Amino acid sequence: MREEFNHLVKAVYHKWKLDQGPVREKHPGEEELACFGLGVLADDLALRIKTHLLLCPECMEAFLFSLSLRQTEEREVPAHLLELVKAAGKPGVKSYVLEIIIQAREKLLELVNTTGDVLVGLELIPAPVLRSRKIREFKNEIVILKDIEDIRVEVRVERKLPEVFNIKVSAKEKPALAWAKDLRISLLKDGVELESYVAEQGKAVFEQVACGRYIMELSGIGGGTAELLLEIRP
Ligand SMILES: [Zn+2]
């Protein structure tokens, strides 16, 4: 299991590296997904598809849909598929386009969990790779990036006092990475809007934010609203 996990992390990292360049792995076909679901693929191909599913929401959705169709025919879902579904998100728990959970320790910030890519020095590292390298601790600042449709969102959490933070959110349009226009960025806590900005330059700064669980709303992305979760634990 442990070995399989390491293998998966390596595969995810490898794919991520590939994605940085112009070569993008193509989506598996319907037949391939079906064979994967049946567990009849060769190990290396199965691993590639598993990795792809974890990184590609569209294929994951198509796959889960095909799985739900199959479930009506047969009762039991194989363990390796259940595992994958669990990794894709627990049912009933709302999932956000980006999750960031930080623990504010006395002398450092610990990144408990994120679904984004983390900027370490000049390197952008996906969270699973970060975990495999056991990088969890940061000084006074954590920078997380996530592509939401054609917008690249950056969330920068800066510690100002032991339990007071500045949150800087910026959004750039891909592929040119020009500042996104006409974006509204809001910070909410317990369903109440605390602050909201029209980000003309694609940037918003929320100052003096205390520890807590916040939702950030970005309206204007693809005509809809993207919800991000930011939790800073005291
Ligand atoms: Zn895909």
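A few remarks follow.
- Relative contact order computed over segment 98-233 (Cα-Cα under 8 Å; 6+ residues apart), in percent: 21
- Only Lys, Arg (+1) and Asp, Glu (-1) charged, at Cβ; segment 85-234 dipole about Cα centre in debye: 580
- Label positions at residue 189 and residue 56, each projected 7 Å from the Cα along the C-beta direction, are separated by 4.2 nm.
- The Cα atoms of segment 98-233 cover 39, 32, 20 Å along the three principal axes, with the biggest extent listed first.
- Computed from backbone phi with θ = phi - 60° and the Karplus coefficients 6.51, -1.76 and 1.60, the 3J(HN,Hα) list for segment 176-192 is 6, 6, 7, 4, 5, 10, 6, 10, 9, 10, 10, 10, 10, 9, 6, x, 9 Hz; x is used for glycine and proline.
- Restricting the GluC sites (Glu not before Pro) of segment 97-177 to loop positions (DSSP other than H, G, I, E, B) with no more than 15 neighbouring Cβ atoms within 10 Å leaves 106, 149, 163.
A short reminder: the numbers here are calculations on the coordinates, not readings from a lab. Bear in mind that the values here come from a model prediction, so they are computed numbers and not experimental data. So basically every Cβ, Gly included, is an ideal-geometry build from the backbone, and we count neighbours across all protein chains shown.
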